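Visitor: One structure is given below, represented as structure tokens, and several questions about it will come after.
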């Protein structure tokens, strides 16, 4: 594999990640980003609709010029629930593979490596920000990808979101089906690929949540917990999350998104547009909606309060510009292409399927830097 000089990112926090991907995925630089997203055509790809507001959280539905059939894609929650997807510590396996290349056995669990088997007959979609709990530490998936049917064992790029534990709680991992990592935790995993920064964001989020509960009897328990997953799964935090409407609100918003044919959302907190998640279909958005909604609420809850509100025009500008000055793509031939586009004050991550059934943009994330 060859990386052009413009793409060589040196020996910083991202260097190990690039090295990890080279035996499985070809990486190359595309220079200036192209003028449109693949598979959208000449029509404006995305349009925002009037906002849905919950406290300091503003959600703008996004509709697309074209939608795709995503029924063949298996989610992590579905796969773990049926037992067809198994995640375990890397140290428990021998002869791991990345693509078709064997990886030597290293004889021990590692913070940033897990092993995944997709024993189902469907391609498995993994999203950055999904949390797997168990093993020696809870982890968050660091990058979108597709795992082929009957694929594995596969090396999985992850980051720890439980800095206080290195003792095995179970041999296999489960999925934190209730929530994804909030945007401020997802962003350093996706963009900087920096474990220290992920830990810092987890600690900041946990501390902010403990502060929200400062008048509660449960404040001490939350303040002493280093696990991001356990903090947000705790009853007092769940009660606090319910102040944004809880499950009834999630379902009401999902119903509105479905009725409008939305395929994604642009998210603003305290009047500032910060994030977008866009999928290839309304059905795929619906599968992830409860987890996504709770991640957005968590971001709003841990960001303080202000009276500012975001305007629809700001959200349209945000989702209307998915180009940038530089693009880096990683490809697993015949499976997926993952592209990172860097613009002025933002980054865009696009997962494009490369099989005959999924030759389209499966998921797009845009974040502010």
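Visitor: So, in Å, what gap is there between the alpha-carbon centers of the range 116-138 and the range 291-368?
Guide: Here the answer is 20 Å between Cα centres.
Visitor: Right, something else. Subtracting the Cα-Cα distance from 0.36 nm times the residue separation, let me have the gained length for residue 44 to residue 71 in nm, one decimal.
Guide: Extending this stretch completely gives an extra 7.2 nm.
Visitor: Shifting gears a bit: Could you compute the FRET efficiency for residue 82 and residue 178, with r as their C-beta to C-beta distance and R0 at 22 Å, rounded to 0.05?
Guide: 0.75
Visitor: Any idea how far apart residue 331 and residue 54 come out in nm if each label point goes 7 Å out from Cα toward Cβ?
Guide: My value for the distance between the label points is 4.0 nm.
Visitor: Roughly speaking, what is the stretch gain from residue 110 to residue 259, that is 0.36 nm per residue apart minus the C-alpha to C-alpha distance, in nm to one decimal?
Guide: Length gained between residue 110 and residue 259: 49.2 nm.
Visitor: When ranked by the protection proxy of mean other Cβ atoms within 10 Å per residue, highest first, what sequence do the peptides 50-57, 291-298 form?
Guide: On the way: 50-57: 16.1, 291-298: 24.9.
Highest to lowest by the protection proxy: 291-298, 50-57.
Visitor: Starting from the Cα-Cα distance between residue 247 and residue 272, subtract it from 0.36 nm times their residue separation and give me the gain in nm to one decimal. Intermediate values should be presented prior to the final figure.
Guide: Details: separation 25, 0.36 × 25 = 9.00 nm, distance 2.48 nm.
Extra length available between residue 247 and residue 272 comes to 6.5 nm.
Visitor: Hey, with R₀ at 35 Å, roughly what FRET efficiency would residue 283 and residue 317 work out to, going by the Cβ-Cβ distance, to 0.05? Each step should come with its number before you reach the end.
Guide: Details: r = 28 Å, r/R0 = 0.79.
Working from the Cβ atoms, E equals 0.80.
Visitor: Related question: Take peptides 136-146, 345-355, 268-278, 307-317 and line them up by average Cβ neighbours within 10 Å, highest first, as a rough protection proxy.
Guide: Top of the packing list down: 136-146, 268-278, 345-355, 307-317.
Visitor: What is the list of residues in the range 173-201 whose amide nitrogen lies under 13 Å from a point 7 angstrom out from the Cα of residue 207, following Cα to Cβ?
Guide: Once the point is set 7 Å along Cα→Cβ of residue 207, 199-201 turn out to lie under 13 Å by backbone N, inside the range 173-201.
Visitor: If the viscosity is 1.567 mPa s and the temperature 4 °C, what translational diffusion coefficient in µm²/s does Stokes-Einstein give for the range 293-357 when Rh comes from Kirkwood over Cα pairs?
Guide: Taking Rh from Cα pairs, D becomes 88 µm²/s.
Taken together, the values in this text are just the output of simple stated rules run on the coordinates, not laboratory data. Because the structure is predicted, anything quoted here is derived from the model rather than measured. A quick note on method: Cβ atoms are made from the backbone with ideal geometry, for glycine too, and the neighbour counts reach across all protein chains shown.
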